[in-house]
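Every number in this text was worked out from the coordinates using simple rules, so none of it is lab data. Given the structure is predicted, the values throughout are model-derived calculations rather than measurements. When we count neighbours, we look across all protein chains shown, and the Cβ atoms used for this are built from the backbone with ideal geometry, even at glycine.
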Amino acid sequence: MTKSKHSVLKRRVFAFLMCVTLSSTAFGATREYFVAAEDIVWDYAPSGQNLVNCMGQPAPCAIPQPWTNSHTFNKTRYTEYTDATFTTKKVQPQWLGILGPVIRAEVGDLVIVHFCNNSATGALGMHPHGFRYTKDNEGADYYGVNAGTAPGTGAQVAPGACFDYQWHADKSSGPAKGDLSSKVWWYHSHINEPAETNAGLLGPIIITRKGQAKPDGSPKEVDQEFVAAFFIFDELGGAEPGLMHSINGYIFGNLKGFIVNNEDKVRWHVLGMGNEVDLHTPHWHGKTVTVGAKDVATRTDVVNLLPATMITADMKADNPGEWVFHCHVSDHILAGMSTTYQILP
Ligand SMILES: [Cu+2]
């Protein structure tokens with residue numbers, strides 16, 4: 001190629017790249033997150049006690065067998081840092097528990113997750129539900145043999161390596177007409193997906209309708225958003241002492257921080273994950289909730305979760321007190337899949 005042809009091509013490539021860059025950012029914000037996968041020791045019941053349901057006796061009481069002394073295990077989770085130096089951890093709300101950071105977007109935004117794999121357990125990644133992404137940003141490892149597709153470059157991030165995921169919140173990522181103004185999605189590692197979610201590599205995405213978000217991406221009309229994930233972590237190959245019937249990685253009322261003010265508009269994002277035993281029916285005492293946009297909303301105080309399902313529900317918190325919030329499956333009640341939420345006076 002001659003020099004002049006080469007420079008014309010370079011200009012065209014540059015113009016094209018500028019166009020791509022502008023079109024991806026012209027309609028919304030770019031939100032950056034710094035997330036590392038890290039190996040930790042996790043206690044599902046750090047108080048060492050059953051804080052909520054003592055079967056007719058006052059709480060606290062002893063955690064029943066076989067979990068009395070079986071609730072601390074090695075986990076791997078997504079930790080958020082403040083910047084690219086990955087030195088200062090971001091303070092996360094107490095109620096988030098074992099979940100990775102809430103990744104927020106308003107429809108139109110571009111999210112960049114700077115992900116580093118600091119786990120010694122092997123290659124990991126981040127696969128988002130809901131967002132629009134290219135193959136390289138899918139964060140999932142599989143082959144499509146029919147069209148001959150291979151995993152993208154972000155599918156496997158080796159221990160010690162980093163990858164920048166780019167995810168777009170396009171129209172199809174956000175709430176549809178019948179949805180509330182913000183919508184929850186999962187993200188999780190997706191190489192050996194069952195093992196990696198069970199290890200603790202999972203977290204929430206919340207996408208708010210265009211024009212309805214505060215600067216931080218949360219919905220304007222809501223005072224407080226909570227995320228509650230119902231997941232029976234399996235720590236001992238299916239043996240009962242290793243089945244942690246958790247909400248956000250805590251059992252027997254050890255999940256804390258669901259606290260709101262009287263009259264607050266509270267939005268609950270409830271999520272399921274796990275196996276065929278992970279059929280959960282989260283139930284709020286004290287208040288009912290509505291699911292769906294105003295004109296199509298249905299009212300309930302129990303919602304249905306299957307593995308990887310995601311439901312958003314609104315609550316008008318106008319009944320002060322401390323109320324139990326638990327899975328209504330009998331076996332799961334006995335195994336401690338309960339906590340409380342509090343409406344201040
Ligand atoms: Cu359950």
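Mind checking the dipole of segment 28-343: about its Cα centre, +1 per Lys or Arg Cβ, -1 per Asp or Glu Cβ, Debye to the nearest 20?
720 debye
Calculate how steeply helix 3-25 sits against the longest principal axis of the alpha-carbon atoms of the chain, using the helix alpha-carbon long axis, and give the answer as 0 to 90 degrees to the nearest 10.
20 degrees
Among the aspartates and glutamates, select those whose C-alpha is under 14 Å from the C-alpha of residue 135, and discard any that sit fewer than 8 residues away in the same chain.
By straight Cα distance, residue 135 reaches 164.
Between residue 61 and residue 299, what FRET efficiency comes out of the Förster formula 1/(1 + (r/R0)^6) with R0 = 41 Å and r the beta carbon distance, rounded to 0.05?
After rounding to 0.05, the efficiency reads 0.75.
Sort the following peptides by mean Cβ neighbour count (other Cβ atoms within 10 Å, averaged over residues), highest first: 87-95, 140-148, 287-295.
Descending mean neighbour count gives 287-295, 87-95, 140-148.
Which whole-number percent gives the relative contact order of the chain, counting Cα pairs below 8 Å spaced six or more residues apart? Could you put the intermediate results ahead of the total?
Working: 885 pairs, mean separation 56.8, N = 345.
RCO, the chain: 16 percent.
With just the Cα atoms of segment 28-343, tell me how far they stretch along each of the three principal axes, in Å, largest first.
Here the spans come out as 58, 46, 42 Å, largest first.
Give the peptides 264-274, 98-108 in descending order of average Cβ contacts within 10 Å, highest first. If you can, show how the numbers build up before the last one.
On the way: 264-274: 21.9, 98-108: 23.5.
Descending mean neighbour count gives 98-108, 264-274.
Mind checking the dipole of segment 231-345: about its Cα centre, +1 per Lys or Arg Cβ, -1 per Asp or Glu Cβ, Debye to the nearest 20?
So the dipole magnitude of segment 231-345 works out to roughly 420 debye.
For segment 146-265, report the % of Cα-Cα distances exceeding 19 Å.
On the way: 4639 of 7140 pairs.
Distances greater than 19 Å cover 65 percent of the Cα pairs.
If I model a spin label as a point 7 Å beyond the Cα along the Cα-Cβ vector, how far apart are those points for residue 309 and residue 142 in nm?
Placing both labels 7 Å along Cα→Cβ, they lie 2.1 nm apart.
Test of understanding: what is the full-extension gain from residue 121 to residue 316, defined as 0.36 nm times their sequence separation minus their Cα-Cα distance? Numbers along the way, then the final one.
On the way: separation 195, 0.36 × 195 = 70.20 nm, distance 4.33 nm.
Difference between extended and current length: 65.9 nm.
What is the antiparallel percent of DSSP beta bridges lying wholly in the chain, to the nearest 5?
75 percent
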